[in-house]
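Working notes for the structure below.
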Amino acid sequence: MQVPADRLDRVREQWATERPDVDTSSMGVIGRILRVEHLADSQIRRTLREAGLDRGGFDVLATLRRSGRPYRLSPTRLYGELVLTSGAMTHRVDALARAGLVERIADESDRRGLLVGLTAKGKSVIDRALVAHLHCEQDLLAGLSARERDQLAGLLRKLLHGIEGPHE
């Protein structure tokens, strides 16, 4: 099936006319990745808003939930997992605690430390939000076959490995 030209094709054609000496082939990949991210982000944010969360709150709750029982992590581990500053993590945790979705718990293995844990309400919210989020992602990928999804995932994995390096 022939896919119709898109915005990036038109941009590259314009550059080919104006600057035929410049290779714009990277725009065909990076430009599309950025455009997909922009469009997908809008739909994902809407889905999460309907679940009562923003992306930052979802990320914290999802990280706690996928960590397994007892769904508790140190703030340092949380911000390391989410690649945030400690200040940004504190802000997110404060907002989630005010909403009753997480709580700060004394760390029994370190009397000076605290852990961030999911409350029962937080677990319920993230379980519902995760299902809605995954349905949204499935809808976004509906134009690709299962084989195409696997191919794209593999290519993006390879691209990320090249950008992030083996340390990630």
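The values are calculated or read from the model by the stated rules, or taken from the named source; none is laboratory data. Quick caveat, the model's predicted, so the values are computed rather than measured. Reconstructed Cβ throughout: ideal geometry from the backbone, glycine too, with neighbour counts over all protein chains shown.
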Item checked: Contacts under 6 angstrom Cβ, first residue in the range 85-101 being on the phi > 0 side of the Ramachandran plot, partner part of a helix (DSSP H, G or I) and at pLDDT 95 or above, 6 or more apart -> GLY100/LYS121
Next item on the list: Report the residue count in the range 33-58 for those that are buried (at least 18 other Cβ atoms within 10 Å of the Cβ) and not hydrophobic (A, V, I, L, M, F, W, C).
Entry: 2
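Quick one: which helices (runs of 4 or more DSSP H) lie wholly within the range 1-74 and hold at least 2 residues that are closer than 26 Å to ALA132 by Cβ and among the polar types (S, T, N, Q)? Lay out the reasoning, then the answer.
Values: elements: 7-18, 32-50, 55-66.
By residue number, 32-50.
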Margin query: Could you list, ordered by first residue, the pairs with Cβ atoms under 8 Å in which the first is in the range 134-157 and surrounded by 11 or more Cβ atoms within 10 Å (Cβ to Cβ) and the second is not in a helix (DSSP H, G or I), at least 6 apart or interchain?
Written below: ARG149/LEU141; LEU152/LEU144
Notebook entry, point to check: Hey, does the range 105-126 have a residue that's out of contact with any Ser or Thr (no Cβ under 8 Å at 6 or more places or on another chain), assigned to a helix (DSSP H, G or I) and polar (S, T, N, Q)?
Noted result: yes
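So which residues in the range 116-168 are of a type in the set (A, V, I, L, M, F, W, C), within 30 Å of SER74 (Cβ to Cβ) and at pLDDT 95 or above? Steps first, answer last, please.
Keep residues of the range 116-168 that are of a type in the set (A, V, I, L, M, F, W, C), which gives 116, 118, 120, 125-126, 129-132, 134, 136, 140-142, 144, 146, 152-153, 155-156, 159-160, 163.
Among the residues that remain, those that are also within 30 Å of SER74 (Cβ to Cβ) are: 116, 118, 120, 125-126, 129-132, 134, 160, 163.
VAL116, LEU118, ALA120, VAL125, ILE126, ALA129, LEU130, VAL131, ALA132, LEU134, listed by residue number.
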